[in-house]
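Structure, as structure tokens:
What follows is calculated from the coordinates using simple rules that are stated; it is not laboratory data. Only a predicted model underlies this, so the values are computations on that prediction, with no experimental measurement involved. Note that we place each Cβ from the backbone using ideal geometry, even for glycine, and neighbour counts take in every protein chain shown.
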Amino acid sequence: MWPTPGSAIPVGLAAPLVALRRQTHKTIAAVTDDLDKFRFNRAVARIRELTNALEDIPATAPGAGAVLREGLEAATRLIGPMMPHLAEEMWQELGHATLLADESWPKPDPDLARDEEVTLAVQVNGKLRGTIELPRDAAASVVEEAALALPQVARLLDGRAPKRVVVVPNRIVSVVA
């Protein structure tokens, strides 16, 4: 069933729907930044990625209609500055009685727009030796253990304990051999 404009997103969505909501809010944040920096081609490409993802929505899942509406409304608002006539038509088709031009710019949900996993660079003696994927804000001990477990790092340490390991959260791990 197609929800009405302004209806709330249900709680307890399936993983693909949560991923689609994340992509919607990441797209809002990225397109906002792109337009601020006059990177119009990049903004259009990001909107197209979102619309491609919206095509693949699992329509039978509970809450799919609300997530689809959220994505379509976001995409419509985002194309407004570049294709105003098309955006106004889409806005009317989505059931809104107001003009899109009178609506505010969409705001991304910060919790949905940030990645849950981060890629950390691992360097040994100042040289990049690899990367690791870990959950955001992982404990320093977990990060250090994962960095020291990399084959490239283990080979350079040659069984010796590192002199020092510096962990910059969510950014980099620096090992001094």
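For the reader, a short list of remarks on this structure follows.
- Alpha-carbon centroids, the range 104-135 and the range 45-79: separation in whole Å: 24 Å
- Length available on full extension from Met83 to Thr131: 0.36 nm per residue minus the Cα-Cα distance, which gives 13.2 nm.
- Radius ratio Rg over Rh of the chain, counting only Cα atoms, Kirkwood formula for Rh: 1.14
- Packing order of peptides 22-28, 60-66, 161-167, 77-83, highest average first: 22-28, 77-83, 60-66, 161-167 (average count of other Cβ atoms within 10 Å over each peptide's residues).
- Within a Gaussian network of the chain (alpha carbon springs, distance under 10 Å), most fluctuating of Ala19, Ala139, Ala59: Ala139
- A cut-off of 5 Å between modelled amide H atoms, ignoring neighbours fewer than 5 places along the same chain, links Val124 with Arg129, Val175.
- Calculated FRET efficiency for the pair Ile172/Ala139, C-beta based, R₀ 22 Å, to 0.05: 0.90
- Shape of the range 15-112, Cα gyration tensor, a/c cut at 1.5: oblate
- Taking each DSSP H run with n ≥ 4 as -39500 (n - 2.57) and averaging over every residue of the chain yields -14500 deg cm²/dmol at 222 nm.
- Net charge over other residues, Cβ less than 9 angstrom from the Cβ of Glu116 (K, R count +1; D, E count -1): +1
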